[in-house]
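What follows is one structure encoded as structure tokens, with my remarks underneath.
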Amino acid sequence: MAEPRPRVWVSQPLYPDIEARLDAWFDVTRTSQVTDHAPDAIAAALAEADGALVTLNDRIGAAEVANALRLRAVANVGVGYNNLDVAALAARGIVATNTPGVLTETTADFGFALMMAAARRITEAEHWLREGRWQGWGFHQLLGADIHGSTLGILGMGRIGQGIARRARGFDMRVLYHNRSRLPEAIERDCAATWVERDALFADADHLVLVLPYTAANHHIVDAAALARMKPTATLTSIARGGLIDEDALADALQAGRLAAAGLDVFEGEPVVNPRLLDCRNVVLTPHIASASLPTRRAMVSLAVDNLIAAMGFGPDAGRPPSVVTAPMAT
Ligand code: DGY
């Protein structure tokens, strides 16, 4: 009798033509509509699966894999993977993968656009106009901050941070960055970026952009003290993860005029947005769409599918998934 094929669970509807590649190797259980899976439902699905393709809405930790005795691989559709407890997965011998690289340029485009929208008060101006408040051209109306010639601060100089730095060249910006470790000189030169201490980054940036991965260690890295270091004329933009910012402290700073404006694509309680931020007129709020272009979302799914096939030991990269986050712990 033929060996039964491994079973794969796909947690959300993605792109059928790309997902279909899984059918060559696995028996696939699909999810027909976008679903906010309860932890128990995730645990039940994983208990039956050898592999899973999940998105950042699906939180997988020790409890969800406790009965997942056959699970070998979890492929996350996303570069960020704070939805996965990688230590818990590694301890159970489960490979986790993510999708870096394919979303770099799209996400950098969006980060730059969000920073510009905050600085030039674009959504605020549109709301004002739609509310019928425009009585005529006004010399002092809706004055914003310049982008060109200003100082850009990038916290987290991975691929996306570097993409934003390269875009800044066209605007004659001075680029400062902070990373735990300094980048090789050749990359610094290519990005025309200078490493500075974190406090200096907050103090010197006219426009600060957060692009660092979220971990427990950098929870609320932007707190009241960090915000107090920023110029009152500065802007803060985040396309990383909501937990990096103390949103109440940010709302205090925006309301008190201690920070000119902010642009946020990510929120601590997503999809619920802190009501204090909703009350601030000087913040641009978008629903976690930095990587949301069709070609990029398709490329993310395609890479996640390749990762899963390889992590499960099939296809041309068998055993060598293109982007591994964590391999099983040695026992
Ligand atoms: C990611 O990939 O981590 C983004 O937040 C979603 O595209």
Sequence-distant residues sharing a close amide H with VAL284 (under 5 Å, placed H): ALA262, GLY263, LEU264
The answer for the net charge of residues other than ARG241 whose Cβ lies under 11 angstrom from its Cβ, with Lys and Arg +1 and Asp and Glu -1, is -3
Identify the GluC sites (Glu not before Pro) of segment 153-217 meeting these criteria: DSSP loop state and at most 16 other C-beta atoms within 10 Å of the C-beta. GLU197
Between ARG21 and TRP128, the FRET efficiency computed from the C-beta separation at R0 = 51 Å comes out, to the nearest 0.05, as 0.60
Of all the accessible heavy-atom surface of the chain, with the other protein chains kept in place and a 1.4 Å probe, what percent is carbon and sulfur? 55 percent
Might you report the magnitude of the Cβ-based charge dipole of segment 104-285 about its Cα centre, with Lys and Arg at +1 and Asp and Glu at -1, to the nearest 20 debye? 320 debye
Structure-based [θ]222 nm, the chain - -39500 (n - 2.57) summed over DSSP H runs of at least 4, per residue, nearest 500: -9000 deg cm²/dmol
Specify the inter-centroid distance of segment 286-301 and segment 80-152, based on alpha-carbon positions, in whole Å. 13 Å
Can you give the translational diffusion coefficient of segment 104-285 in µm²/s, computed by Stokes-Einstein from the Kirkwood radius over Cα pairs at 25 °C and 0.890 mPa s? 149 µm²/s
For LEU208, residues with placed amide H under 5 Å, excluding near neighbours: GLY153, THR235, LEU236, THR237
Relative contact order of segment 2-106 (C-alpha contacts under 8 Å, at least 6 apart) in percent is 23 percent
Counting only residues 5 or more apart in sequence or on a different chain, those whose built amide H sits under 5 Å from that of VAL95 are ALA73, VAL74
Spatial separation of Cα centroids for segment 8-26 and segment 243-283, in angstrom: 37 Å
Per-residue HN-Hα couplings for segment 51-64, Karplus 6.51 cos²θ - 1.76 cosθ + 1.60 at θ = phi - 60°, whole Hz, x for Gly and Pro? x, 9, 10, 10, 10, 6, 7, 9, 8, 10, x, 4, 5, 6
Chymotrypsin sites (Phe, Trp or Tyr not before Pro) in segment 77-184 lying in a DSSP loop, each with at most 16 other Cβ atoms within 10 Å of its Cβ, come to TRP134, TRP137, PHE139, PHE171
So, relative contact order of the chain in percent, Cα under 8 Å, 6 or more apart, is 19 percent
Excluding THR215 itself, what net charge comes from residues whose Cβ is under 13 Å from its Cβ, given Lys and Arg +1 and Asp and Glu -1? +1
So how do ARG281, ARG241, ARG30 rank on accessible area, 1.4 Å probe, biggest first, that is with the largest at the start? ARG281, ARG30, ARG241
When only Cα pairs under 8 Å and 6 or more residues apart are kept, what is the percent relative contact order across segment 152-272? 23 percent
What ³J(HN,Hα) values, in whole Hz, does the Karplus curve 6.51 cos²θ - 1.76 cosθ + 1.60 give for segment 185-201 when θ = phi - 60°, with x put for Gly and Pro? 3, 4, 6, 4, 5, 4, 8, 6, 10, 10, 6, 9, 4, 4, 4, 5, 4
Hey, what's the Kirkwood Rh for the chain if you take every pair of different alpha carbons, in angstrom? 21.3 Å
Principal axes of segment 147-231: Cα extent on each, largest first, Å: 32, 25, 17
Rolling a 1.4 angstrom probe over the protein heavy atoms, how many square angstrom per residue are accessible across the chain? 48 Å²
Calc'd 3J(HN,Hα), segment 69-74, phi into Karplus 6.51 cos²θ - 1.76 cosθ + 1.60 (θ = phi - 60°), Hz, glycine/Pro = x, comes to 6, 9, 5, 10, 8, 10
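The values are calculated or read from the model by the stated rules, or taken from the named source; none is laboratory data. Nothing here was measured: the structure is a model prediction, and the numbers come from that model. Counting neighbours? That spans all protein chains shown, and the Cβs are built from the backbone with ideal geometry, glycine included. Accessible surface is based on the protein model in full, side chains and every heavy atom, while ligands, DNA and RNA are left aside. Shrake-Rupley method; radii C 1.70, N 1.55, O 1.52, S 1.80 Å.
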